[in-house]
Amino acid sequence: MSRPLRLEFEGALYHVTSRGDRREPIVGDDSDRQAWLAVLEQGLERFEATAFAYCLMGNHYHVVVQTHRPNLSRLMRHVNGVYTQTYNRRHRVVGHLFQGRFKAILVEEESYFLEVCRYVDLNPVRANMVKWPQDWAWSSYRAHTGRGEAPAW
């Protein structure tokens, strides 16, 4: 049975997640985290998309992204594929890093957009990784609250 096609159109807004294969870590250290952010930035620029929120956890990530062309699948193939190559090369491993294909939920209402951005930023607190969201360096929370510099993208 084939997978259903993704709904992709200009200006679409999505909550995208991708999890490590077998729920294993997708990052080993801060160098991996920096590499993931760099690949995300490269993909956003190349595929003309905007990220409004992100959170890089240990074994998965969340991104709230708007595509300016109907190309979410190409963007995410770039992000997951290039990051996997970077990770595998650095750690001298081979094979899949991510479990299946990414998940994308279409965000249609403005009220849901605000709620999903909040959910993404608070993910480390809800996972009991930190007590306060500003203590997690790998999300958009600090930029959203003026506690840190926003990425160029």
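The values are calculated or read from the model by the stated rules, or taken from the named source; none is laboratory data. These numbers were taken from a predicted model, which means no experiment stands behind them. Note that each Cβ is placed from the backbone with ideal geometry, even for glycine, and that neighbours are counted across all protein chains shown. The area values use the complete protein model at the heavy-atom level, side chains included, leaving out ligands, DNA and RNA. Shrake-Rupley method; radii C 1.70, N 1.55, O 1.52, S 1.80 Å.
Evaluation of I26 against the conditions (1) at pLDDT 95 or above; (2) surrounded by fewer than 17 Cβ atoms within 10 Å (Cβ to Cβ); (3) among the hydrophobic types (A, V, I, L, M, F, W, C) shows that the sole unmet condition is (2). T67 passes every criterion in (1) farther than 22 Å from R142 by Cα; (2) open to solvent by 10 Å² or more (accessible area, probe 1.4 Å); (3) not aliphatic (A, V, I, L, M) apart from (2). Checking each residue in the stretch 96-111 for being part of a helix (DSSP H, G or I) and either open to solvent by less than 90 Å² (accessible area, probe 1.4 Å) or in contact with a helix residue (DSSP H, G or I) (Cβ under 7 Å, 6 or more places away or on another chain) (or both) picks out only S111. Residues in the stretch 26-73 that are over 14 Å from the mean Cα position of the chain (by Cα) and either in a helix (DSSP H, G or I) or not polar (S, T, N, Q) (or both): G28, D29, D30, S31, E45, R46, F47, E48, H68, R69, P70. Looking only at residues of the stretch 31-43 that are open to solvent by 50 Å² or more (accessible area, probe 1.4 Å) and either aromatic (F, W, Y) or in contact (Cβ under 8 Å) with a residue 24 or more places away in the chain (or both), we find that the one that is nearest to Y54 (Cα to Cα) is E41. Annotation: of all residues in the stretch 1-21 being basic (K, R) and modelled with pLDDT under 95, the one that is surrounded by the fewest Cβ atoms within 10 Å (Cβ to Cβ) is R3.
Residues in the stretch 75-95 that are in contact (Cβ under 8 Å) with a residue 40 or more places away in the chain and surrounded by 13 or more Cβ atoms within 10 Å (Cβ to Cβ): 8 in all.
Looking at this structure, is Y141 hydroxyl-bearing (S, T, Y) and open to solvent by less than 20 Å² (accessible area, probe 1.4 Å)? It is false that Y141 is hydroxyl-bearing (S, T, Y) and open to solvent by less than 20 Å² (accessible area, probe 1.4 Å).
Here is a yes/no grid of residues against (1) more than 27 Å from F9 (Cβ to Cβ); (2) not in a helix (DSSP H, G or I):
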{"position": "V94", "(1), (2)": "yes, yes"}
{"position": "V116", "(1), (2)": "no, no"}
{"position": "V120", "(1), (2)": "no, no"}
{"position": "V125", "(1), (2)": "yes, no"}
{"position": "V130", "(1), (2)": "yes, yes"}
{"position": "Q134", "(1), (2)": "yes, no"}
{"position": "A143", "(1), (2)": "yes, no"}
{"position": "E149", "(1), (2)": "yes, yes"}
{"position": "A152", "(1), (2)": "no, yes"}
